[in-house]
Amino acid sequence: MKQSPQEKLEHEHRPEVIAERLSQPPKSQNVSDAVLGGIDGCVTTFAVVSGAFGAGFSPTVALVLGFANLFADGFSMGVSNYEANKAQQEFTDNLRRIEKEHIEQIPQGEREEIRQIFQNKGFSGTVLEEIVDTISQDKNLWIDTMLTEEHGLQKGSPNAVRAALTTFIAFVLVGAIPLIPFLVPAMEMNTQFLFSAILAGIMFFLIGSLKSLFLFKPILRSGFSTLLTGGAAASLAFLTGYILRELFGIA
């Protein structure tokens, strides 16, 4: 028998279920990496197509530029995401090392930091001292608490390789969609561009809609918001290509 939403929620908050869930390590979330890669991939390739079309280039030129940018920018995005996550992890590791040294060198000062942190949360008296004693008895818990409460860092950290691969794959898969019409030589350039624009618009809307499912936001609003963002970037690329064609007399 299927559970109602309320029954499912109550089941998830039973003591034994909570204990099992909290015993598991934090799950790596790569939704933002996929959204970032997908949107940027579609924007990049369709912007190249729009710029080429606005400049009056042939479909072959648009296709070559599109695929060249697709893989080069996708690789660059993946590497950049990898480096950003690695830098964040190294920053966290360095702070962890510093906090460990401080606990070993001036434990009373670090205990006072814990005391004031939880005092600012409203604890006082015996309860406050018990919290300080409990945390300071476990060095790892002590360090984790300082990283979270003093430095505002999350306990878990994303997998840099997985984040990079997610960004690259999403960039290439979504970014290739607007290029599909240019693989059909029987179409005229105007028709190719029209279908490319339609496909790009669909991808922008779908990415925004899928993003809303994870962020619990209205689907249509999120879809149209992403569609407007991508459309604005493509329009800017088309206008740039058109203006440059007129300025330099590109035939």
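For this structure, a couple of remarks:
- The chymotrypsin sites (Phe, Trp or Tyr not before Pro) of segment 79-118 include none that meets both conditions, a loop assignment by DSSP and at most 11 other Cβ atoms within 10 Å of the site Cβ.
- Taking 0.36 nm per residue of separation and subtracting the current Cα-Cα distance, fully stretching the chain between N140 and A68 would add 21.1 nm.
- Kyte-Doolittle mean at least 0.0, axial Cα span of 20 Å or more - DSSP H helices of the chain: 31-55, 160-175, 189-215, 219-248
- Förster radius 30 Å - calculated FRET efficiency between V61 and A84 (Cβ-Cβ, nearest 0.05): 0.35
- Applying the criteria of a DSSP loop state and at most 14 other Cβ atoms within 10 Å to the trypsin sites (Lys or Arg not before Pro) of segment 134-220 yields K155.
- Values [x] 39, 26, 17; [y] 25, 22, 17; [z] 51, 23, 15 are given for comparison; semi-axes √(5λ) of the Cα gyration tensor in Å, derived from the coordinates here, is the one labelled [z].
- Rounded to the nearest 0.05, the FRET efficiency derived from the C-beta distance between F195 and S76 at R0 = 30 Å is 0.65.
- Note that segment 1-114, at 10 °C in a medium of 1.306 mPa s, gets a Stokes-Einstein diffusion coefficient of 80 µm²/s from its Kirkwood radius over C-alpha pairs.
- What you get for the chain, charging only the Cβ of Lys and Arg (+1) and of Asp and Glu (-1), is a dipole of about 960 debye around the Cα centre.
- For segment 3-85, trypsin sites (Lys or Arg not before Pro) meeting the loop criterion (DSSP other than H, G, I, E, B) and having at most 16 other Cβ atoms within 10 Å: K27.
Every number here is computed from the coordinates shown, using simple stated rules; none is lab data. None of the values given here were measured: they were computed from a predicted structure. Note that we place each Cβ from the backbone using ideal geometry, even for glycine, and neighbour counts take in every protein chain shown.
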